[in-house]
Amino acid sequence: MLVIIKKDYEEISFEGAKLVASLIRKKPDCVLGFATGSTPLGLYKHLIRMHKDEGLDFSKVISFNLDEYVGLPPSHNQSYHFFMWENLFKHININPSNIHIPMGMAEDIESFCEWYEAKIVSYGGIDLQILGIGSNGHIAFNEPGSSLGSRTRIKTLKEKTRNDNARFFKNFEEVPKFAITMGVGTIMEAKRLILLANGKSKAEAIKATVEGPIMAKYPATIVQLHQYATVIVDKEAAGLLEGDYST
Ligand code: GLP
């Protein structure tokens, strides 16, 4: 696991975007794993700029998103479908038929999850997965206590996560209670991971992720075992780290 500490949000976003862009240039039909939340927004802005100004070509890129709220249709402005279209897809030349996002409205969630896993495998797996991190150490919607070998499935959201995400909804009660999420095991099979974090609210989770023991209490700690994981954090998120990560 490589840890890169940058000055601020802008720098971590640019660093992450450069890694994604270089993969797309090397392998135009690569399989990208996208994340939602406020953290990757800066990275997406850079990808959009690179597409518009530098001709970064997404036409053959295949995408899989990490997660989606159960019960929100794609048209709901807080669904992750809506988020991805607003913040990335509508601004680049990705082929809509190459986009995969868990279906929060699936009637048979279990079968959907199996189908999603098989679809990832059918494309040869995810080449690069972008990750944010929850303040409680969750990745995607794998909440504390998630099995570290878990696959795509339905998860109950913790109150902490619903509280953190309530800012996007009218009130706490509106935040869905369940989500479909790639499992920790699914995420770990991606050939490369990029985990981004910024701000003081993530410092404890980053400390656990980078320097703590690996445990289901902080699902993100599993990335320590990934051979090609890059953790890119700003000074605030790195604030509690004790090691020397200068390169
Ligand atoms: C949600 C998402 C995660 C994301 C997390 C952090 O829970 N499911 O993928 O990492 O929020 O969000 P933010 O980046 O807004 O702090």
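Which of the residues belonging to the stretch 13-28 are under 23 Å from LYS119 (Cα atoms) and either open to solvent by less than 30 Å² (accessible area, probe 1.4 Å) or assigned to a loop (DSSP other than H, G, I, E, B) (or both)? Within the stretch 13-28, VAL20, ILE24, LYS27, PRO28 qualify. Selection over the stretch 154-169 of residues that are touching a strand residue (DSSP E or B) at 6+ places or on another chain (Cβ under 7 Å) and open to solvent by 50 Å² or more (accessible area, probe 1.4 Å) gives a count of 2.
Does ALA190 fit the bill of being over 16 Å from ILE5 (Cβ atoms), touching a residue at least 24 places away in the same chain (Cβ under 8 Å) and among the small types (Gly, Ala, Ser)? Before the answer, list the steps.
Working: over 16 Å from ILE5 (Cβ atoms): yes; touching a residue at least 24 places away in the same chain (Cβ under 8 Å): yes; among the small types (Gly, Ala, Ser): yes.
Yes: the conditions hold for ALA190.
The residues of the stretch 184-225 that are assigned to a loop (DSSP other than H, G, I, E, B), within 13 Å of the ligand (Cβ to nearest atom) and open to solvent by less than 40 Å² (accessible area, probe 1.4 Å) amount to a single one, GLY199. Residue count for the stretch 29-55 satisfying the condition of being crowded, with 22+ Cβ neighbours inside 10 Å and out of contact with any helix residue (DSSP H, G or I) (no Cβ under 8 Å at 6 or more places or on another chain): 2.
The values are calculated or read from the model by the stated rules, or taken from the named source; none is laboratory data. Bear in mind the structure is a predicted one, so any value in this text is a computation, not a measurement. Note: ideal-geometry Cβ built from the backbone for every residue, glycine included; neighbour counts use all protein chains shown. Ligands, DNA and RNA are stripped out before the accessible areas are found, and what is left, the full protein with its side chains, is counted by its heavy atoms. Shrake-Rupley method; radii C 1.70, N 1.55, O 1.52, S 1.80 Å.
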